[in-house]
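Working notes, beginning with the structure itself.
The values are calculated or read from the model by the stated rules, or taken from the named source; none is laboratory data. Worth saying up front: this structure is predicted, and the values here are computed from it rather than measured. Cβ atoms come from the backbone with ideal geometry, glycine included; neighbour counts cover every protein chain shown. Just the protein is used for accessible areas: all its heavy atoms, side chains included, with ligands, DNA and RNA removed. Shrake-Rupley method; radii C 1.70, N 1.55, O 1.52, S 1.80 Å.
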Amino acid sequence: MSDPDYADLGRRMHALATRLFPLPRSLAGKPYRQSLDTIEEVTGPIQRHRFPSGEQVFDWTVPPEWEIREAWIKGPDGRKVVDMVDTNLHVVSYSVPIHRRISLDDLQEHLFSLPHQADAIPYRTTYYRRDWGFCLADRVRRELPAGEYEVYIDSELADGHVEVGEVVVPGTSEEEVLLSTYLCHPSMANNELSGPMIVSHLAKLLTDRDPPPRLTYRCVFVPETIGAICYLHRFGGHLREHLTAGYVVTCVGDPGPFSYKRSRRGDTLADRAALHVLGHSGASFRVLDYYPAGSDERQYCSPGFDLPVGSLMRSTYDTFAEYHTSLDDMELVTAEALGDSLRMYHRIAEALEAAQRLEVTMPYGEPQLSPRGLYPTVGAAKSLQQGMRDMMFLLNWCDGRGDLIAAGDRVGRPVWDLAPTARQLLEHDLLRPVPHG
Amino acid sequence: MSDPDYADLGRRMHALATRLFPLPRSLAGKPYRQSLDTIEEVTGPIQRHRFPSGEQVFDWTVPPEWEIREAWIKGPDGRKVVDMVDTNLHVVSYSVPIHRRISLDDLQEHLFSLPHQADAIPYRTTYYRRDWGFCLADRVRRELPAGEYEVYIDSELADGHVEVGEVVVPGTSEEEVLLSTYLCHPSMANNELSGPMIVSHLAKLLTDRDPPPRLTYRCVFVPETIGAICYLHRFGGHLREHLTAGYVVTCVGDPGPFSYKRSRRGDTLADRAALHVLGHSGASFRVLDYYPAGSDERQYCSPGFDLPVGSLMRSTYDTFAEYHTSLDDMELVTAEALGDSLRMYHRIAEALEAAQRLEVTMPYGEPQLSPRGLYPTVGAAKSLQQGMRDMMFLLNWCDGRGDLIAAGDRVGRPVWDLAPTARQLLEHDLLRPVPHG
Amino acid sequence: MSDPDYADLGRRMHALATRLFPLPRSLAGKPYRQSLDTIEEVTGPIQRHRFPSGEQVFDWTVPPEWEIREAWIKGPDGRKVVDMVDTNLHVVSYSVPIHRRISLDDLQEHLFSLPHQADAIPYRTTYYRRDWGFCLADRVRRELPAGEYEVYIDSELADGHVEVGEVVVPGTSEEEVLLSTYLCHPSMANNELSGPMIVSHLAKLLTDRDPPPRLTYRCVFVPETIGAICYLHRFGGHLREHLTAGYVVTCVGDPGPFSYKRSRRGDTLADRAALHVLGHSGASFRVLDYYPAGSDERQYCSPGFDLPVGSLMRSTYDTFAEYHTSLDDMELVTAEALGDSLRMYHRIAEALEAAQRLEVTMPYGEPQLSPRGLYPTVGAAKSLQQGMRDMMFLLNWCDGRGDLIAAGDRVGRPVWDLAPTARQLLEHDLLRPVPHG
């Protein structure tokens, strides 16, 4: 199985993200659905799990859909000083409709800017309180003259559905892997579109895999927080039973070094596989203990579910200056970084594929290898080849308790180097898989 | 709840200890009872658990009471060379009465001094063998002329009681804390009176606490070893069921750095609370693994009980030169050190108060904070305040398995900073306490 | 119990190994039996467990016996260029009989030499494929002229028995120790004869021990691999039930520093005892994690048995250049190294003897020591002697869960220094042994 051309895929991902960038996505509504439609060009059909507005999901209520058509502020001289035509970020997400004349002083209470990043337009939302507002560069805000302003937001909040998109790549075993990303931020690149790009293209690689994968992959596109909560409300029980590893895929498009944030339990297969791949990659990376800020891992790792879900990122949400501003754009994200991130997630998936629990079929004394053609027939050679050492190691170590990644970690060998030897021993009926559970 | 004036309490403790210093305390008898009477000025009534002489307590027999009225040695010239009037330490504790003329050679077998501390008078006892003796400075002993001496000890050993004094500060839960100190050494300050001073004044602070404490505190004054054994003989079963943490309080009056000696199990709540407080105190301290020499922790941590009892000291009994000599006096002990030690034990008590086990009431997905007024209503701010981080951490971490000190240790936060957030979440029914056991 | 004269025993072991060196041992046959007969001079009668050729033992078939009488190659000029008279290594072990004229080119396929060790004759076997061959120095091989050669091997493969020799030194408890070594290599010293020398002389020391040992020692001499498999096939169930520690004894004759290879489980009594002895020996040593290459530990530690068997060696099989060549001779092995290795294994045996699990008979509070004559009668001395500290430590630590080696490791004391105190407490009925299991 040769590697795909990750550099080329990186360029394709960047191009697709560039097309998705202008859509005014929010938690629910047309632009969200259009984004999924566009991603289907890569993945094929995406199943839509629909949750009606008003439905109670755990402690939350499914919000209405939001449609935004136009939003601007006109200054005292009648000229537009802020216009959503320039960037979706100008209007606070889920703003109610308004059309009003208002003094600058009163307007200020509805304006958001960043004094320390004077050129950046911040990203703000008002999902759970009916309100309205505008975001703008602090440099612009400071220049606003006193006087009467006209504010106009042509939006609509109406019952509809929150939707979760899902691509399932079926495997041959009962064990499942979750790849979860979010698709609710308008016009942000690293902290939004990089995730769906990696998940969609990884879904494609897994769908095309020959042979088909051992594990079932659930590739999930959600509006952040509420989407994960909706998905867990419907499928949480299933995940608790079947999920062997999972990742929240976000912030994977910038060229910073990798960061792995552990699952809540800290030593799940998700963690071991990611750290195994990172450790053998030669790349520099840092490891973060779980903490319940960040993204949807907060829901997957809530104590009632406590799923084995971590997150491999580049620069994490809380560490890059462009986060949640207009500076998080398609220049911050590079084709090369996207390609490298895809490679890393792809390797993790392959490590998970190899991470079977195996046990020897002949546990009493060593099996005799030479009659099976697995051992040099003239004995007593001075040193063993690595393949031979791997074989003897696996025939001793595999007692059904640990998986092949743990085997590799025990002796400092990458699982992809042990896997061919394991397959050979499976074919000779010297190893057998241990059933899940 | 503002801090008490520890400096002032330190001065009061020093003054009270100075009053108690001259009494010729021993395992049992009038001076022991008088000392308890005096301490009642601080604590209010102290309950006396009485154990009659001759009663079998585990492997031990309760000793008689000892009364000492006079003890001296006259030299060949008829002048007193040693006289208990100068210090109680001159007479070996529990010496039988004697009045005899004796040669210097024979007398030597009943004399105790310290060749390497020529000016110090050692402290010796003969509790479990009927004998007599005198302690004196080696410098004096060396000058004794040959000849006939007159020795006189007017003492009495008579059946009576060993007494254990106890102040119980009742709490609202079934869990208990033991604060044990000893009161059987005549005229020693750090390795005796510093302990009862801290325990009595801490008992007072806990009694006056508003609101009353969650935990029940047993403040216990014993004659060392036999008193702890008596107490365990009567209450050991109760302690095994209810004790959540305990400390032997001794050697807390000198200005040396703190030393924490772990309980036998090594990682009990007693240990975690003490190390949590020390670690966040900024003070320098050392940590000692449990070892079965020292004081009454030997009884509380005997393998059949194995109670969660450690000991926070300053200079430990085995490391300061003045230990068990006349140099362990009210100059070695300072008001400032007593005040600092009280502060540290008081903080430990408050850490124990906060160390509830809590669990989230909504374990599936995050609870929604904004409708409860616990979250900023305009989302997507770039960074969270510490209080917000604490709240999200507690709502994720609290699954009923660890207590709030463990929560703090997980993220490097002092429990007293987490506690207000925990209280807020308890009030909003987002957390609930886990029953003990 | 004074130490034996290990230096003298080292000289005796070297002399005996020198006598055994010339015998053409292989897996089974007369020289193997003769070697056992010779070793009986040290150990007394060795029981022979016999396994008939053709019998199935787990995945293996017991091989035939091999007799080798003569083996040589004559060059084109009719002169012998290789002759087994010079060294047993010249003929590949288990070669079938042959007498044939053959070209140099065809002969080359049956020749084995070491290009990078031109003067060394390698050691090769063909146990499990009917074949023949010669081993020779690469320097000689390179000089062989083209032409026709005459090869002659007068050997015989015939049904008989694989034999395992066993000396049992009976102990007073149900727990057993395995000392396993191998005896199937012709004319090799460190990687063969050093092991049987240590095991036989240790068996003798244990047999002569006064009092007799607490543990039962099984001293086992096997042909490598197949012998261990045969032994496990017959006695593996017994060992699983009774074995408390075991060692594969090999490569213990060279003067290199010690190497301890852990058992598969890594922290068994075998490991703790060996590391305890090495750690307190002052000798330099290294510790190797278990790996399933090497010697018969591969069988004892196969996952179905997973016995507590490690291996204390000097230079390990895979690290000394002379391994499996004619250079592994009686000059590589020294009397002094043999004596030192015997001392180390003897100490390990004595550490195992001392490694009882003990529990206090009076677990509630401390027992009173002075009435038993175990404590100074005049109390409050400033420091305790080490013996006194040991006593108090054991009376607190011994709760029946750990053994005396673990007790020593807890406080950094060698078990042989704790053992006399433990015996004293056993005699005073303050400690008692905990039954095995």
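Here is how the numbers come out for the structure above:
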read-out: Nearest-10 value in Å² for the accessible area of C:E109, using the 1.4 Å probe; value: 140
read-out: Selection of trypsin sites (Lys or Arg not before Pro), segment B:20-88, meeting DSSP coil and at most 10 other Cβ within 10 Å; value: B:R79
read-out: Pair B:S370, B:D289: separation of 7 Å Cα→Cβ label points (nm); value: 5.4
read-out: Inter-label distance for C:Q108 and A:R48, nm, one decimal - labels placed 7 Å from Cα along Cα-to-Cβ; value: 7.5
read-out: Helix B:415-427 vs. chain B, principal-axis angle (Cα, 0 to 90°, nearest 10); value: 50
read-out: Cβ-defined net charge surrounding A:S284, 14 Å radius [Lys, Arg +1; Asp, Glu -1]; value: +1
read-out: Rounded percent of accessible protein surface that carbon and sulfur make up, chain B, 1.4 Å probe; value: 48
read-out: From phi via Karplus (6.51, -1.76, 1.60), per-residue ³J(HN,Hα) for segment A:153-161 in Hz, x at Gly/Pro; value: 10, 9, 10, 8, 10, 9, 4, x, 9
read-out: Alpha-carbon centroids, segment A:49-66 and segment A:278-300: separation in whole Å; value: 29
read-out: Residue among A:G160, A:G147, A:G365 with the largest mean-square fluctuation in a Gaussian network model of chain A, springs linking Cα atoms under 10 Å; value: A:G365
read-out: Dipole in debye (nearest 20) - chain C, about Cα centre, beta carbon charges: Lys, Arg +1; Asp, Glu -1; value: 860
read-out: Candidate residues B:Y247, B:Y152: accessible-area rank, largest first, probe 1.4 Å; value: B:Y152, B:Y247
read-out: Among C:A335, C:M313, C:A351 the positive-end extreme of the charge dipole of segment C:287-377 (Cβ point charges); value: C:A351
read-out: Largest-first ordering by accessible area, 1.4 Å probe, given options B:F21, B:F305; value: B:F21, B:F305
read-out: Simple spin-label estimate for B:K80 and A:Q385 in nanometres, 7 Å along Cα-Cβ; value: 9.8
read-out: Helix-derived mean residue ellipticity, 222 nm - over chain C, DSSP H n ≥ 4, -39500 (n - 2.57), to 500; value: -10000 deg cm²/dmol
read-out: Net lengthening on full extension, B:R101/B:R240 (0.36 nm per residue, minus Cα-Cα); value: 44.7 nm
read-out: Nearest 10 degrees, 0 to 90: helix C:335-354 Cα axis against chain C principal axis; value: 40
read-out: Area of C:S103 that stays accessible when all protein chains are in place (1.4 Å probe, Å², to 10); value: 50
read-out: Accessible surface ranking that places the most exposed of C:D86, B:D37 first, with a 1.4 angstrom probe; value: C:D86, B:D37
read-out: Residues whose placed amide H lies under 5 Å from that of C:V91, excluding near-sequence neighbours; value: C:C135
read-out: For segment C:213-350, size of Cβ-based charge dipole, Lys and Arg +1, Asp and Glu -1, in debye; value: 660
read-out: Dipole magnitude of the protein assembly as shown, debye to nearest 20 (Cβ charges: Lys/Arg +1, Asp/Glu -1, about Cα centre); value: 280
read-out: Mean separation of Cα contacts under 8 Å (6+ apart) over length of chain B, as relative contact order %; value: 17
read-out: Where the protein assembly as shown is the region considered: accessible area per residue in Å², 1.4 Å probe; value: 38
read-out: In sequence order, calculated HN-Hα J values of segment C:293-307 (Karplus, 6.51, -1.76, 1.60; Hz; x Gly/Pro); value: 10, x, 10, 6, 4, 4, 7, 4, 9, 4, x, x, 9, 6, 6
read-out: Long-range amide H partners of A:Y149 with built H, under 5 Å; value: A:I102, A:S103, A:L104
read-out: Where A meets C: accessible area buried, both sides, 1.4 Å probe, Å²; value: 2400
